[in-house]
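Working notes, structure below.
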Amino acid sequence: MTMKLTRKQVLSRAKASELDSVRKLNCWGSRLTDISICHELPNIEVITLSTNSISTLEPLTNCLNLTELYLRKNNISNLQELYYLKQLPRLKILWLSENPCCGPNPHKYRMTVVRNLPNLHKLDNQAVTEEELTQALKEGEDITAPPADSSCTDNDQSEPSTDQNCTEVTADTDADLLNFSMEETNKIREQLGMKPLPRDKFSSFSSPANADGSRKKRNNILNAVLLLLKDLDTEGLEIVHQTAGNRLHQLKKKEFQQET
């Protein structure tokens, strides 16, 4: 099933009015398979696409201002996909681990990535050293062409877009941080290896009468939030910090009022 990132989603997540004004985009864990819209993001600087089902990097070839790219846990199966990133002069941070292309030999994988993207400062959250750059010239594979079978990487442009909302990483400051919709809750449960809740069970799961269920829900959400933090950039972490601070202030104020 194709899950296409749409113009509407991009503008909503980036809080922008036009695609060429989008600088940062976070669509972590949104089940995306088609990111062809990235062809229309010439000024994008930071993209977070971890935990999706993306299989090709070709749509990123026009993102010449891209500096940070997060692609952990996707379906990139061939390291030749790096060919599409070699023309991005400003790319400094790449997170590609936990993709099939990493293969059984992590050293060979790292050497190949570093050889083809020598301007990287950090790969998979680990700094790229001068020694590695020299070593990569000897031990890394030089990628000079795109994957041989590129026909399946260009998704059918005529296929109707599926308007799948990206999972919100943070909640509004005035909203309850635990007030997740059924869809959002099940996305988190899926990431934790748990079965999704059917619609008729959702209300009982969050019912105050079920103390154990409520406690489990809280713990699951907490674990999911901690996982999400790993993929956030500085701006995202600042939003989380501010939101958590506001929520904590509200709870302390409520507790004080109850005690008095």
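On the beta carbon distance between D142 and H241, with R0 = 45 Å, the FRET formula returns roughly 0.60.
Between E98 and E18, the modelled labels are 3.7 nm apart [label points 7 Å from Cα along Cα→Cβ].
If the chain linking S77 and T2 were pulled fully straight, counting 0.36 nm for each residue of separation and taking away their Cα-Cα distance, it would gain 25.3 nm. Checking every one of the trypsin sites (Lys or Arg not before Pro) in the stretch 59-110 against DSSP loop status and a limit of 12 other Cβ atoms within 10 Å picks out R90.
Protein heavy-atom accessible surface, 1.4 Å probe, per residue over the stretch 47-156: 47 Å².
The values are calculated or read from the model by the stated rules, or taken from the named source; none is laboratory data. Keep in mind the model is a prediction, meaning the values are calculated, not measured. Here Cβ is always computed from backbone atoms with ideal geometry, including for glycine, and neighbour counts include all displayed protein chains. With ligands, DNA and RNA removed, areas are computed over all heavy atoms of the protein, side chains included. Shrake-Rupley method; radii C 1.70, N 1.55, O 1.52, S 1.80 Å.
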